[in-house]
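The values are calculated or read from the model by the stated rules, or taken from the named source; none is laboratory data. Nothing here was measured: the structure is a model prediction, and the numbers come from that model. Cβ placement follows ideal geometry from the backbone for every residue including glycine, while neighbour counts extend to all protein chains displayed.
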Amino acid sequence: MTFFLSTLLAEGLYIKVELCTLTIPASLNDLSQFLACDDDLLSVVNCFHAWCSPLPEPLPTAHKRKSLDDSAISEIPSPT
């Protein structure tokens, strides 16, 4: 399992940073190795509390950027 942090750096420009990668234990025998990653898990929790904010109530409506219409897309040459 990989944890990422993403943020809007500028209008239309998002950055994503990998926080850590953890392997989920496949059996109880592997559980001790998973618990040894407690520093990584703590880092994820700390980032969550420092950077993540709850959604406002009521939820905002979706805002989508204007895209090309179908006729403009059909004019883009295919790579072949």
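Could you go through the range 31-40 and let me know if any residue there is touching a residue at least 12 places away in the same chain (Cβ under 8 Å) and of a type in the set (S, T, N, Q).
No - not one qualifying residue is present in the range 31-40.
If we keep just the residues of the range 14-61 that are exposed (fewer than 10 other Cβ atoms within 10 Å of the Cβ) and either touching a His at 6+ places or on another chain (Cβ under 6 Å) or polar (S, T, N, Q) (or both), which is nearest to Phe3 (Cα to Cα)?
So, considering only residues that are exposed (fewer than 10 other Cβ atoms within 10 Å of the Cβ) and either touching a His at 6+ places or on another chain (Cβ under 6 Å) or polar (S, T, N, Q) (or both), the one nearest to Phe3 (Cα to Cα) is Ser53.
Say whether the condition of being among the hydrophobic types (A, V, I, L, M, F, W, C) and in a helix (DSSP H, G or I) is met by at least one residue in the range 54-64.
No, the range 54-64 contains no residue that is among the hydrophobic types (A, V, I, L, M, F, W, C) and in a helix (DSSP H, G or I).
Taking the stated definitions as given, is Ser67 within 16 Å of the chain's Cα centre (by Cα) and part of a loop (DSSP other than H, G, I, E, B)?
no
Quick one: would you say Ile24 is modelled with pLDDT of 80 or more, of a type outside the set (Asp, Glu) and touching a strand residue (DSSP E or B) at 6+ places or on another chain (Cβ under 9 Å)?
no
Kindly provide the set of residues from the range 1-13 that are more than 23 Å from Arg65 (Cβ to Cβ) and surrounded by 10 or more Cβ atoms within 10 Å (Cβ to Cβ), ordered by number. Step through it out loud before you land on a result.
The first filter runs over the range 1-13 and keeps only residues more than 23 Å from Arg65 (Cβ to Cβ), leaving 1-3.
The one that is more than 23 Å from Arg65 (Cβ to Cβ) and surrounded by 10 or more Cβ atoms within 10 Å (Cβ to Cβ): Phe3.
Do we find a residue being under 20 Å from the mean Cα position of the chain (by Cα) and among the polar types (S, T, N, Q) anywhere in the range 45-56? Give the steps one after another, and end with the answer.
Within the range 45-56, the first condition is being under 20 Å from the mean Cα position of the chain (by Cα), and the residues that meet it are 45-56.
Next cut, among the polar types (S, T, N, Q) only: 46, 53.
Yes; the residues of the range 45-56 include at least one that is under 20 Å from the mean Cα position of the chain (by Cα) and among the polar types (S, T, N, Q).
For the range 27-53, give me each residue that is among the polar types (S, T, N, Q), at pLDDT 80 or above and in a helix (DSSP H, G or I).
Listed by number, the residues that qualify are Asn29, Ser43, Asn46.
Can you pull out every residue in the range 14-30 that is under 30 Å from Lys64 (Cα atoms) and either among the charged types (D, E, K, R) or touching a residue at least 12 places away in the same chain (Cβ under 8 Å) (or both)?
Filtering the range 14-30 down to residues under 30 Å from Lys64 (Cα atoms) leaves 14-19.
Within the range 14-30, Lys16, Val17, Glu18, Leu19 meet the criteria.
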